[in-house]
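Encoded as structure tokens, the structure appears first; notes follow it.
The values are calculated or read from the model by the stated rules, or taken from the named source; none is laboratory data. A quick note: this is a predicted structure, and the numbers were derived from the prediction, not measured. Please note: Cβ atoms are built from the backbone with ideal geometry, for glycine as well, and neighbour counts cover all protein chains shown.
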Amino acid sequence: MAKNEAITQRKKKEKKDPVNIIAPLVVLAIIYVGLEIGLRVFDVPAYVMPTPTNILIGTIKSFDIILPDLLFTIKIICIGFCIAIPAGIVLAALFSQFDIIVKAMQPVVIWLVITPMITLIPLMTLWLGTDPNLRVIVVIIQATPIICLNTLNGFIHVEQEKLEFAKSIGASKFETFIHITFMNALPQVFTGIKLGCIFSTIGAVSADFVSRGMGLGDRIIKFLKYSNFEQSYGCIVLIALIGISLYTIVSAIEKRIVLWKK
């Protein structure tokens, strides 16, 4: 009881600590001002890198053009990511029940993690067609393995004493998995999900670059074609913001669920 109260108090303190909000904002402000001054002082051409202010102005002016592609990319990332989470966890749960499956499938999962999805997208387009909505499949294939790999690592590294204790009190295999294995693995599960945010964003934008037609990746190429460098960089910033937003949401959920992590 006292331990739970201590954890709750620590969480409240971290939440109220203004440094957690102010520090990142100060760093962003320093980067913004530093780039603005440096690019102007050294007269860096816009095609190399526009100033942050020009990127902001250009993005705002063209936001009505960017918005449909932005919404499309967000849709593809969110749908694919939401499917990849349960898929990765379920696969890891199935693999973890049998040592032979872990040994057999782990190299395959690692291969899927390290293979750049952009190299497979042309083949997938050939197999599945050019419907932009099918890019969800790219996101699922990109994010599921990394979620599965981290979750599986948590499932197979459980303290033996806990498993023996569950067995000694008559817990079923399912009850042991839910209450011991799964709860013990939650930090690794959330690590996989957070990495899945990044991989989902990469997968969606890679599909945009290759398949074209819709999405922020395609919009970047279109802007570059007409030398709209500020808008191109603005799209890159928006892509980063999507990934950061997803990561922040998952981290916030993790803090509310995995209270014992620290």
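Can you name the residue in the stretch 129-154 that is more than 14 Å from S200 (Cα to Cα) and among the hydroxyl-bearing types (S, T, Y) and is also surrounded by the most Cβ atoms within 10 Å (Cβ to Cβ) among such residues? Only one residue tops the list, namely T151. Please go through the stretch 39-53 and pick out each residue that is free of Cβ contacts under 8 Å to residues at least 40 places away in the same chain and under 23 Å from L224 (Cβ atoms). Listed by number, the residues that qualify are L39, R40, F42, D43, V44, P45, V48, T51, P52, T53.
Which of the residues spanning the stretch 198-213 are at pLDDT 90 or above and farther than 19 Å from T115 by Cβ? Result: no residue meets the conditions. No other residue among I169, I239, I244, I220 is surrounded by fewer than 15 Cβ atoms within 10 Å (Cβ to Cβ) and either of a type in the set (S, T, N, Q) or over 11 Å from the mean Cα position of the chain (by Cα) (or both) apart from I169. In the stretch 130-248, counting only helices (runs of 4 or more DSSP H) that sit wholly within it, the ones holding 2 or more residues that are in contact (Cβ under 8 Å) with a residue 12 or more places away in the chain and of a type outside the set (K, R) span 135-156, 160-168, 183-211, 216-225.
When every residue of the stretch 14-31 is checked against the conditions, none turns out to be among the small types (G, A, S), modelled with pLDDT of 95 or more and assigned to a helix (DSSP H, G or I).
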